[in-house]
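Colleague: Could you have a look at this structure, given as structure tokens, before my questions?
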Amino acid sequence: MATCSVPLSRLARSLPSSAIRDLLRLVDRPDVISLAGGLPAPDLFPAERLAEAASRAVASSGRLGPPALQYGTTEGLAELREVVRTWSPARSADDVLVTTGSQQALDLVAHALVDPGEVVVVERPTYLGFLQAVAPCEPRVVGVGSDRDGMRTDELEERLRSGLRPSLVYVVPSFANPSGATLSDERRRHLVDLAERYGFAVVEDDPYRELGIDGHPPAPLGTSSDAVVTVGSASKVLAPGLRVGWAVAPKPLREALVRIKQARDLHTPTISQAVAADVLGDGDFMASHLATLRDGYRTRRNALSAALARAFGDALHIDLPAGGMFLWACHPGLDAAALLPAALAQGVAFVPGVVFGTGDEAHGLRDRFRLSYATATPAELIEASGRLASAVGEVRSLP
Ligand SMILES: Cc1ncc(COP(=O)(O)O)c(C=O)c1O
């Protein structure tokens with residue numbers, strides 16, 4: 001095909017593609033065990049229950065035919081908004097906006113709250129998809145350190161005292177991507193207090209909340225303040241192919257989100273919404289399904305962490321996550337990005353830590369790795385650990 005000579009907009013020219021998606025294309029080889037993507041375990045999809053819900057949705061009738069096949073409101077199907085209310089800090093179904101995956105909620109929130117040049121604060125490391133969502137708003141992104149208890153809110157307070165004035169602070173408070181950390185109850189209260197004192201919004205992105213392997217995370221930040229927008233998703237508890245997420249926001253912000261979404265895609269596919277409402281609303285099924293998910297991910301996490309400990313001994317530091325899908329590992333002195341080609345040659349993939357940092361601060365994450373235990377089977381995770389150790393041995397023995 002002839003190359004296109006149509007001039008692209010400034011935005012189209014400036015937006016980088018996701019380093020992880022580029023990497024996933026590279027590792028899509030049958031001989032590679034990928035610990036790179038954050039893809040849910042395919043054997044844990046509730047496929048039969050989803051199929052039952054889909055056929056019920058198509059067969060159901062309304063004045064304008066099956067609602068699942070008709071246009072819907074931008075806010076989302078009433079049944080789903082009511083179910084989400086029970087899964088989130090929303091006080092009423094009216095507080096809920098259904099979005100096309102939680103990624104769209106992040107895009108809408110960024111566009112509703114951030115003007116060019118304004119400060120956006122993220123954890124270091126942070127979720128790459130948020131950096132992509134906020135990039136078109138041309139913010140100044142500032143990273144604040146984090147540890148096993150999530151964002152260092154004491155460091156944030158110091159920066160605020162020194163004059164930093166963010167329009168929003170973004171956190172993944174439960175079993176974070178990529179660090180696995182969970183924001184402690186004390187820091188949740190501190191962050192909300194800072195938001196109210198300094199007048200910024202907190203974006204609480206909580207897709208892993210239900211995937212607690214060793215217990216539940218503290219209550220969502222959104223239950224205690226109107227300064228918080230809570231973003232959730234059906235992707236990790238049902239299936240990402242549904243593309244169902246949501247935002248719970250106070251009225252003036254929610255109305256702005258609805259206006260922006262209307263221009264973007266009118267509404268989230270009604271068929272997906274009907275399926276999600278049916279399954280998420282089935283309390284007995286969800287209780288047993290979530291128990292299956294937690295057991296499945298616990299087995300995988302334990303298989304990978306034990307195999308890495310056998311293969312590396314003390315050389316690899318791992319912060320064992322209490323839930324979610326990711327191990328955040330550190331091999332002091334090793335450049336993870338430089339290791340990747342050797343790892344791929346050995347048939348294993350991961351994401352180098354620098355990808356999750358911002359600007360110059362990313363450099364501090366160069367000896368970090370994100371290893372996902374979600375997709376591969378326990379046997380593959382054990383094999384992958386051995387391959388990773390071989391790759392490290394190879395790189396280390398280079399002159
Ligand atoms: C922290 C976080 N937020 C948002 C998303 C986007 O999820 P989705 O758009 O499938 O709901 C992901 C996906 O991996 C994620 O890890």
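Colleague: Restricting to segment 237-264, give me the number of residues that are more than 13 Å from the ligand (Cβ to nearest atom) and outside any loop (DSSP other than H, G, I, E, B). Let's see the steps before the verdict.
Modeller: Initially, segment 237-264 is screened for residues more than 13 Å from the ligand (Cβ to nearest atom), giving 248-264.
Now drop any that are not outside any loop (DSSP other than H, G, I, E, B), which leaves 248, 251-264.
Within segment 237-264, residues that are more than 13 Å from the ligand (Cβ to nearest atom) and outside any loop (DSSP other than H, G, I, E, B) number 15.
Colleague: Could you give every pair whose Cβ atoms fall below 9 Å, whose first residue belongs to segment 111-131 and is at negative phi and of a type in the set (Phe, Trp, Tyr), and whose second residue is within 16 Å of the ligand (Cβ to nearest atom) and open to solvent by 20 Å² or more (accessible area, probe 1.4 Å), counting only separations of at least 6 or pairs across chains?
Modeller: Final answer for the pair search is PHE130/GLN103.
Colleague: Hey, another quick one. Looking at segment 122-135, which of the residues that are surrounded by 19 or more Cβ atoms within 10 Å (Cβ to Cβ) and more than 18 Å from HIS363 (Cα to Cα) is nearest to the ligand (Cβ to nearest atom)? Steps first, please.
Modeller: Keep residues of segment 122-135 that are surrounded by 19 or more Cβ atoms within 10 Å (Cβ to Cβ), which gives 122-134.
Filter again for more than 18 Å from HIS363 (Cα to Cα), leaving 129-130, 132-134.
Numbers: GLY129: 5, PHE130: 7, GLN132: 11, ALA133: 9, VAL134: 12 Å.
Per the stated criteria, the residue is GLY129.
Colleague: Looking at segment 156-194, which of its residues are more than 22 Å from VAL355 (Cβ to Cβ) and of a type in the set (Ser, Thr, Tyr)?
Modeller: Of everything in segment 156-194, those that are more than 22 Å from VAL355 (Cβ to Cβ) and of a type in the set (Ser, Thr, Tyr) turn out to be SER162, SER167, SER184.
Okay, residues lined up against (1) more than 28 Å from PRO46 (Cα to Cα); (2) in contact with a strand residue (DSSP E or B) (Cβ under 9 Å, 6 or more places away or on another chain); (3) exposed (fewer than 15 other Cβ atoms within 10 Å of the Cβ):
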| position | (1), (2), (3) |
| --- | --- |
| ASN302 | no, no, no |
| ASP335 | yes, yes, yes |
| THR358 | yes, yes, no |
| ALA362 | yes, yes, no |
| LEU365 | yes, yes, no |
| LEU371 | no, yes, no |
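Colleague: Looking for whichever is within 23 Å of GLN262 (Cα to Cα) and either out of contact with any strand residue (DSSP E or B) (no Cβ under 8 Å at 6 or more places or on another chain) or open to solvent by 30 Å² or more (accessible area, probe 1.4 Å) (or both) here; the options are ARG29, ARG13, ARG85. Which one fits? Write out each step before concluding.
Modeller: Working: ARG29 fails: within 23 Å of GLN262 (Cα to Cα); ARG13 fails: within 23 Å of GLN262 (Cα to Cα).
Of ARG29, ARG13, ARG85, the one residue that is within 23 Å of GLN262 (Cα to Cα) and either out of contact with any strand residue (DSSP E or B) (no Cβ under 8 Å at 6 or more places or on another chain) or open to solvent by 30 Å² or more (accessible area, probe 1.4 Å) (or both) is ARG85.
Colleague: How many residues are farther than 14 Å from GLY281 by Cβ and open to solvent by 20 Å² or more (accessible area, probe 1.4 Å) if we restrict to segment 61-82?
Modeller: Count: 13.
Colleague: If you don't mind, another one. Within segment 34-57, restricting attention to residues that are open to solvent by 70 Å² or more (accessible area, probe 1.4 Å) and part of a helix (DSSP H, G or I), which residue is farthest from GLU380 (Cα to Cα)? First the steps, then the outcome.
Modeller: We begin by selecting, within segment 34-57, every residue open to solvent by 70 Å² or more (accessible area, probe 1.4 Å); these are 39, 42-43, 45, 48, 52, 55-56.
The next check asks that each one be part of a helix (DSSP H, G or I); those that pass are 42-43, 48, 52, 55-56.
Working: PRO42: 14, ASP43: 14, GLU48: 26, GLU52: 31, SER55: 35, ARG56: 37 Å.
The residue in question is ARG56.
Colleague: When you go through ALA263, ALA256 one by one, which is the residue that is surrounded by fewer than 24 Cβ atoms within 10 Å (Cβ to Cβ), touching a helix residue (DSSP H, G or I) at 6+ places or on another chain (Cβ under 7 Å) and either closer than 17 Å to GLY76 by Cβ or β-branched (Val, Ile, Thr) (or both)? Reasoning before the result, please.
Modeller: On the way: ALA263 fails: touching a helix residue (DSSP H, G or I) at 6+ places or on another chain (Cβ under 7 Å).
None of the others qualify; the one that does is ALA256.
Colleague: Just checking, which of VAL141, VAL202, VAL237, VAL172 is surrounded by fewer than 22 Cβ atoms within 10 Å (Cβ to Cβ), under 21 Å from the mean Cα position of the chain (by Cα) and either among the hydrophobic types (A, V, I, L, M, F, W, C) or within 30 Å of ASP43 (Cβ to Cβ) (or both)? Don't jump to the end; show me each part of the working.
Modeller: Details: VAL202 fails: surrounded by fewer than 22 Cβ atoms within 10 Å (Cβ to Cβ); VAL237 fails: surrounded by fewer than 22 Cβ atoms within 10 Å (Cβ to Cβ); VAL172 fails: surrounded by fewer than 22 Cβ atoms within 10 Å (Cβ to Cβ).
That would be VAL141, the only listed residue that is surrounded by fewer than 22 Cβ atoms within 10 Å (Cβ to Cβ), under 21 Å from the mean Cα position of the chain (by Cα) and either among the hydrophobic types (A, V, I, L, M, F, W, C) or within 30 Å of ASP43 (Cβ to Cβ) (or both).
The values are calculated or read from the model by the stated rules, or taken from the named source; none is laboratory data. Since the structure is predicted, the reported quantities are computational estimates derived from the model, not experimental observations. For neighbour counting, all protein chains shown are included, and Cβ atoms are generated from backbone atoms with ideal geometry for every residue, glycine included. Remember, those area values only see protein heavy atoms, side chains included, never the ligands or the DNA or RNA. Shrake-Rupley method; radii C 1.70, N 1.55, O 1.52, S 1.80 Å.
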